[in-house]
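The structure under discussion appears below in the form of structure tokens.
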Amino acid sequence: MTLKEALNRATSALAAHHISDASHDIQLLLRHVLQITQAQLYLQLEEELAPPEWERFSSLLERRLQHEPVAYLVCHQEFFGLDFYVDRRVLIPRPETELLVEMTLDFARSHSAGRPLIIADIGTGSGAIAISLATNLINARICATDLSIQALEVAAINRARHGVDDRVVLLAGNLLEPLPETADLIVANLPYVSAIELQRTGPELAFEPSVALAGGPDGLESIRLLLHQAHELRQPRRCLLLEIGQGQSEEVLRLARNHFPEADIQAHRDPGGIERVVGIAFPG
Ligand code: GLN
């Protein structure tokens with residue numbers, strides 16, 4: 001069978017299972033098996049696919065038919081222009097989270113502390129946020145925390161891959177508890193999917209760690225605890241940036257204003273027009 005025939009067969013199989021982006025997904029899987037670029041794939045369409053490669057391709061296709069996300073099948077995901085290793089131990093980084101990184105970079109660049117900034121990434125998962133910040137802020141030190149030891153193993157792989165071992169510290173523990181010092185900036189993409197939403201969403205989310213997604217009955221359990229800890233621990237010095245889900249801004253703004261009446265608190269929209277980040281800037 002040629003590559004072209006394999007692609008056609010697989011694309012029809014996915015389309016028959018109502019999996020969207022079938023052709024895109026299939027090309028990624030085949031490129032992963034053959035370890036080739038998109039351009040090479042186009043040039044080699046008439047070449048034969050060897051039986052062991054067809055077998056590997058078929059087994060990935062089978063997993064995709066069960067709705068396993070492509071990122072887990074090919075073990076990587078692009079985020080903020082960088083390539084991250086991912087597997088089922090971590091949430092797959094989402095494009096909407098790039099807003100959180102952009103806002104953190106803007107804040108960091110416009111508020112120099114006269115010394116290396118200390119940034120905390122809470123619930124780091126794959127380390128995508130922490131490592132994107134470290135590669136773009138060459139003087140900053142990042143403390144990345146996660147409750148999941150398994151997630152931190154993945155973050156360590158990505159930290160080494162991007163050569164920032166010396167500036168990204170990985171810490172196990174609950175939200176802010178493991179932080180060794182006061183951070184200038186705190187950034188967090190915590191689980192915020194509500195119980196009802198979790199049931200409603202498509203089958204793909206079931207493959208991701210629920211500890212990274214499930215935010216309790218209204219989705220805000222972890223965010224509430226983080227705001228409480230931030231208040232108790234007097235963290236951070238400058239600014240706290242939180243990713244939130246659609247429709248959560250009103251309640252998160254209210255919670256934040258209750259805890260920090262003196263702060264400048266605002267919601268910011270993502271490119272899709274959804275209020276996606278709540279920023280809490282502390283005076284002084
Ligand atoms: N944006 C993710 C989703 O809806 C949720 C990520 C999170 O809970 N932090 O799939």
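The values are calculated or read from the model by the stated rules, or taken from the named source; none is laboratory data. Everything quoted here is computed from the prediction, not taken from an experiment. Glycine also receives a Cβ, built like all others from the backbone with ideal geometry; neighbour counts cover every protein chain displayed. When the accessible area is computed, the model is the full protein with side chains, heavy atoms only, and any ligands, DNA or RNA have been set aside. Shrake-Rupley method; radii C 1.70, N 1.55, O 1.52, S 1.80 Å.
In this simple spin-label approximation, E78 and D264 carry label points 7 Å from Cα along the Cα→Cβ vector, and these lie 3.5 nm apart. Pairs of C-alpha atoms in segment 146-284 farther apart than 26 Å represent 29 percent of all such pairs. Taking the DSSP bridge list for the chain and keeping only pairs wholly inside it, about 45 percent are antiparallel.
Farthest toward the positive end of the dipole of the chain, out of I149, A281, F79, is the Cα of A281, where the dipole comes from beta carbon charges about the Cα centre.
Overall form of the chain: prolate. Here a/c, set by the Cα gyration tensor axes a ≥ b ≥ c, is 1.5 or more, and a/b is the larger of a/b and b/c. Angle of helix 22-34 to the longest C-alpha principal axis of the chain, folded into 0 to 90 degrees and rounded to 10: 80°. D21 sits with roughly 110 Å² accessible to a 1.4 Å probe, with DNA, RNA and ligands left out of the calculation. Rolling a 1.4 Å probe over the protein heavy atoms of segment 185-284, with every protein chain left in place, gives an accessible area that is 51 percent carbon and sulfur. Model label sites at T37 and R63, defined 7 Å from Cα along the beta-carbon direction, differ in position by 2.6 nm. Put simply, when 129-135, 90-96, 172-178, 34-40 are sorted by average Cβ atoms within 10 angstrom per residue, most first, you get 129-135, 90-96, 172-178, 34-40. By the helix-only formula, in which each DSSP H run with n ≥ 4 contributes -39500 (n - 2.57) and the sum is divided by residues, the chain has a 222 nm mean residue ellipticity of -12500 deg cm²/dmol. Fully extending the segment from A281 to E55 would add 76.0 nm, taking 0.36 nm per residue of separation and subtracting the current Cα-Cα distance.
For segment 132-284, the dipole from Cβ point charges (+1 on Lys and Arg, -1 on Asp and Glu) about the Cα centre works out to 320 debye, to the nearest 20.
If the chain linking A195 and H24 were pulled fully straight, counting 0.36 nm for each residue of separation and taking away their Cα-Cα distance, it would gain 58.5 nm.
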